[in-house]
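Written out below as structure tokens is the structure these notes cover.
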There are 2 protein chains.
Amino acid sequence: MKKIDILKKLRSSGLRPTKQRVEIAKFLFEREKTFHFTVESLDKLLAKKTTSKFALATIYNTIHAFKAAGHLSEVEVKGKKTYFDTNISNHHHFYDSENSELIDIEANEVVFQKLPKAPNGKKIKNVEVFINLKN
Amino acid sequence: MKKIDILKKLRSSGLRPTKQRVEIAKFLFEREKTFHFTVESLDKLLAKKTTSKFALATIYNTIHAFKAAGHLSEVEVKGKKTYFDTNISNHHHFYDSENSELIDIEANEVVFQKLPKAPNGKKIKNVEVFINLKN
DNA sequence: AATTAGTTTATAATAGTTCTAAAGTGAAAA
DNA sequence: TTTTCACTTTAGAACTATTATAAACTAATT
């Protein structure tokens, strides 16, 4: 994914490609593998890997904008911090609490033989599988 | 589950049965069905349903003590609040985001045909299935 | 009844996140 | 281009959920 694609990605989402958004988007999306992060970890990584400065509020604004645009998904992990994932396809997670690390599980790695049906009047939006790991 | 059982439950967990703990335990555990709550919702319910007063810190202390004793489990839900569950058996959840409501799914309602194996050197501690609902 | 270790309480402190409003900036219009 | 202006960034304040503190209280043992 090259810089021009980042600009397209932002513009097509109605996000003005500011210096900060472009840098954060490049950092997040110009990768081979999916990337899991918290705002805190992203803040530290940006400080280390880039020369720009980002207000913490800008990082929050930006990842919220990216999430709203469908470029990031949110993963539920025990603890207070919110985790984000650059993998926005339907998939699942391993969670290694030893080092607070998330690992993606492709959707086709999980097949159900039996699943309950949704309660009265409700429909199933999606099914998330979370596999906790130990040593 | 009668009062005498509550006292036994507390004592056998090394928890001195104080007035507050007994009341909260009765409120939580003298039920037919499992009960899901946040500290905030529990605080409001206790204020409404009992005549005693509980400091918020006491509610936190108490549910942490109950959780440490294995009488409550914690459920991960998107959002900042921590949800607790009086169902401590291995099971799963529906989540209805319309009204922030959790619904239990018995373990035997979910059967896997395929599950990934744990990464290098890790073992699977447990598998949690979370089914998001919509209308 | 006296002692004491565990508990409750109000309040302060903390962590993560969101809000605010002033200053800055992309991009459309002149 | 320059001007304009809506959108964005920023620092710091505010907020929310939770945890820590330390003094007052209490269950249970002596």
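The values are calculated or read from the model by the stated rules, or taken from the named source; none is laboratory data. Remember, it's a predicted structure, so these values are computed and weren't measured experimentally. Cβ sites come from the backbone with ideal geometry, for glycine too, and all protein chains shown count toward neighbours.
Among the residues of segment B:81-88, is any within 13 Å of DNA strand C (Cβ to nearest atom) and of a type outside the set (Phe, Trp, Tyr)?
yes
Working carefully through the options B:ALA107, B:ALA57, B:ALA69, B:ALA65, find the one that is out of contact with any helix residue (DSSP H, G or I) (no Cβ under 7 Å at 6 or more places or on another chain), loosely packed, with under 12 Cβ neighbours inside 10 Å and among the hydrophobic types (A, V, I, L, M, F, W, C).
Going through B:ALA107, B:ALA57, B:ALA69, B:ALA65 in turn, the sole match is B:ALA57.
For the subset of segment B:2-41 comprising residues that are hydroxyl-bearing (Ser, Thr, Tyr) and without any contact (Cβ under 8 Å) to a residue 24 or more places away in the chain, which member is farthest from B:GLY70 (Cα to Cα)?
Filtering first and then ranking leaves B:SER41.
So A:VAL77 clears everything in (1) among the aliphatic types (A, V, I, L, M); (2) touching a Phe, Trp or Tyr at 6+ places or on another chain (Cβ under 6 Å); (3) at pLDDT 95 or above; (4) in the same structural domain as A:ASP43 (by TED's automatic domain parsing) except one condition, right? Which one?
It fails just one condition, (3).
Condition first: away from DNA strand C (no atom under 16 Å from the Cβ) and without any contact (Cβ under 8 Å) to a residue 60 or more places away in the chain. Now tell me which residues in segment B:89-102 satisfy that.
Listed by number, the residues that qualify are B:SER89, B:ASN90, B:HIS91, B:HIS92, B:HIS93, B:PHE94, B:TYR95, B:ASP96, B:GLU98, B:ASN99.
Count, please, the residues in segment A:42-80 that happen to be more than 11 Å from DNA strand C (Cβ to nearest atom), more than 14 Å from chain B (Cβ to nearest Cβ) and of a type in the set (Asp, Glu).
Looking only at that region, the number is 0.
For segment B:15-38, how many residues meet the condition of being in a loop (DSSP other than H, G, I, E, B) and near DNA strand C (Cβ under 8 Å from one of its atoms)? Write out each step before concluding.
Just the residues of segment B:15-38 that are in a loop (DSSP other than H, G, I, E, B), to begin with: B:15-18, B:30-35.
Subset that is near DNA strand C (Cβ under 8 Å from one of its atoms): B:15-16, B:18.
Qualifying residue count for the region: 3.
Consider segment B:83-105. How many of its residues are at the interface with chain A (Cβ under 8 Å from one of its Cβ atoms) and at pLDDT 95 or above?
Of the residues in segment B:83-105, 3 are at the interface with chain A (Cβ under 8 Å from one of its Cβ atoms) and at pLDDT 95 or above.
Show me the strands (runs of 3 or more DSSP E) entirely contained within segment B:39-135 in which 2 or more residues are more than 15 Å from B:LEU28 (Cβ to Cβ).
Correct list: B:91-96, B:101-106, B:111-114, B:123-134.
Could you tell me which numbered condition A:LYS123 fails, if it satisfies all but one of (1) surrounded by fewer than 14 Cβ atoms within 10 Å (Cβ to Cβ); (2) in the same structural domain as A:THR34 (by TED's automatic domain parsing)?
Tallying (1) surrounded by fewer than 14 Cβ atoms within 10 Å (Cβ to Cβ); (2) in the same structural domain as A:THR34 (by TED's automatic domain parsing), A:LYS123 fails exactly one: (2).
Show the residue pairs meeting these rules: Cβ distance below 6 Å; 6+ apart or different chains; first residue within segment B:55-74 and within 14 Å of B:LEU10 (Cβ to Cβ); second residue within 11 Å of DNA strand C (Cβ to nearest atom) and among the basic types (Lys, Arg).
B:THR62/B:ARG21
Select from segment B:58-83 the residues that are among the aromatic types (Phe, Trp, Tyr) and more than 19 Å from A:TYR95 (Cβ to Cβ) and list them in ascending order.
Within segment B:58-83, B:TYR60, B:PHE66 qualify.
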